[in-house]
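These notes are about the structure you will find just below.
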Amino acid sequence: MSSGKRPAYESPGDLARPSEPARPSMRRPAATVFGAVLVVLRVVAGVVWLLALAVQWRQVLEGDFGIELDGDVDAQTVSDVGLVLILVGGGIVLAIELVLAVLVYRGSNWARITVMVFATISITWSAVDYFGGDAEITLRTTLVTLALDILVLLALSSRNARAYARRRR
């Protein structure tokens, strides 16, 4: 592998072709470890976000959605069920993401590609929200997860991470 600078554009055929024969006993590259750690940090950020949502659930309903819960037992019950569904759904997504982080660390190519696709979707979603004027990118909202997603893409799309994930076992 050359230590020279990569060109700004590489043809898809060149990218699909193995750049060097990877040995089955190849050592795990730092980019793969860093990518897996970033995915775990993304999971931690998701857990923090879910906990913050649970703590501020009433404020979110009343402030953002204009739903008044004072004295209405049925509305409170529906609100609680909605919160539980969001927390369970988010927990399942975060558990899947944690499994993907372990698989990336172990060298799974499909897990690496899946994580990069999800990071791309998340980055695109944030960009569309921002440029559409609906959301702001701040430290409190999406800046941390956006930064982690960008770093995940950079780490897992490196030549070393790709060679490691595509090696023959």
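Sort Val47, Val39 by heavy-atom solvent-accessible area, probe 1.4 angstrom, most to least.
On the way: Val47 65, Val39 5 Å².
Output order, biggest surface exposure first: Val47, Val39.
Can you sort Thr114, Thr32 by solvent-accessible area, 1.4 Å probe, largest first?
Values: Thr114 40, Thr32 5 Å².
From most accessible down to least: Thr114, Thr32.
Give the ranking of Trp49, Trp57 by solvent-accessible surface, highest area first, calculated with a 1.4 Å probe. The partial results should precede the final answer.
Values: Trp49 140, Trp57 30 Å².
Heavy-atom accessible area, descending, gives Trp49, Trp57.
Any chance you could check the Cα centroid distance between the stretch 111-133 and the stretch 27-77 for me, in angstrom?
Going from one Cα centre to the other spans 17 Å.
Could you tell me the accessible area of Val99 in Å² (1.4 Å probe, neighbours in place), rounded to the nearest ten?
90 Å²
Ordered by residue, what ³J(HN,Hα) values in Hz, to whole numbers, does the stretch 100-114 give under the Karplus form 6.51 cos²θ - 1.76 cosθ + 1.60, where θ = phi - 60° and Gly and Pro are x?
My calculation for the stretch 100-114 gives 4, 4, 5, 5, 4, 4, 7, x, 6, 6, 5, 5, 4, 5, 4 Hz in order.
Between Gly82, Ile92, Gly63, whose Cα lies farthest towards the positive end of the dipole of the stretch 41-94 when Lys and Arg beta carbons carry +1 and Asp and Glu beta carbons carry -1, centred on the Cα centre?
The listed residue farthest towards the positive side: Ile92.
Of all accessible surface on the stretch 92-169 at a 1.4 Å probe, what whole percent is carbon and sulfur?
68 percent
The values are calculated or read from the model by the stated rules, or taken from the named source; none is laboratory data. These numbers were taken from a predicted model, which means no experiment stands behind them. Please note: Cβ atoms are built from the backbone with ideal geometry, for glycine as well, and neighbour counts cover all protein chains shown. Just so you know, the surface numbers come from the protein's heavy atoms only, side chains and all, with ligands and any DNA or RNA stripped out. Shrake-Rupley method; radii C 1.70, N 1.55, O 1.52, S 1.80 Å.
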